[in-house]
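**Q** Following this message is one structure expressed as C-alpha cells.
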Amino acid sequence: MTDQERVPSLRQVVLDCTDARALAEFYRSLLGFVYRPGDEQPAPGEADERGADWLVLRTPDGTPQLAFQQVGQLAEATWPDDVVPQQLHLDMTVASVEDLDVQHDRVLRLGGRLLSDRGDDPEEPLRVYADPAGHPFCVFVA
C-alpha cells in the first residue's frame, strides 16, 4: 500500500456556534443542502435535542458537507482586523457577476452581512460575508 492509498478522507467541515440550528438553517437555505436523517427540525412545540448539540448537512445526494457544533460562547471573528482571527473560512463560487449579485441578495435575506465588496474587481469579483454566527465566507466568480 502506498502513502497515497492510506490518506484519510475529509468527512466534513465543522463550525462551532452558539445556535447550531440557526446556523445550520442559514447554510441549508443558502447552499441547498439537506439534513442528515434524524437531524431535521423537530415539529413545533417539540424539544430540539439534536439542535442543542450537533447537526450535519449533506448534499441532496447524501455527501456530508458541513456540521455544526453547539458551544456555550464564541468570540466573533473581527476580520479584516486580526483581534479575533477568522481561523477558517468557506469559499463558494458562482459563474458570473450577475449570479454574484443574485447570491448577494440571498445572503443578506438569509441573515448574513457584507464585510467586503470587490464585486466590481475585473479579475476576481468577490464579496466577503459573515454568517449569522460571525464566521466569514467568500462568494466569488470563478
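The values are calculated or read from the model by the stated rules, or taken from the named source; none is laboratory data. This structure is a prediction, so every number in the text was calculated from the model and none was measured. Quick reminder, even Gly has a Cβ in these numbers, built from the backbone with ideal geometry, and neighbours come from all protein chains shown.
**Q** Regarding THR63, is this residue free of Cβ contacts under 8 Å to residues at least 12 places away in the same chain, within 22 Å of GLN12 (Cα to Cα) and assigned by TED's automatic domain parsing to the domain that holds PHE33?
**A** Working: free of Cβ contacts under 8 Å to residues at least 12 places away in the same chain: yes; within 22 Å of GLN12 (Cα to Cα): yes; assigned by TED's automatic domain parsing to the domain that holds PHE33: yes.
Judged against the criteria, THR63 is a match.
**Q** Identify, by number, the condition in (1) touching a Pro at 6+ places or on another chain (Cβ under 8 Å); (2) of a type in the set (Val, Ile, Thr); (3) in contact (Cβ under 8 Å) with a residue 60 or more places away in the chain that VAL34 doesn't meet.
**A** (3)
**Q** While we're looking at this one, here's another question. Quick one: GLN87 ticks every box in (1) modelled with pLDDT of 95 or more; (2) closer than 20 Å to ASP16 by Cα except a single one, so which number is it?
**A** Result: GLN87 passes all but (1).
**Q** May I pose another question? Filter region 48-70 for residues that are among the β-branched types (Val, Ile, Thr) and surrounded by 11 or more Cβ atoms within 10 Å (Cβ to Cβ); which is nearest to ASP131 (Cα to Cα)? Spell out how you get there, then give the answer.
**A** Filtering region 48-70 for residues among the β-branched types (Val, Ile, Thr) gives 56, 59, 63.
From what's left, surrounded by 11 or more Cβ atoms within 10 Å (Cβ to Cβ): 56, 59.
Working: VAL56: 17, THR59: 19 Å.
Only one residue fits best here, namely VAL56.
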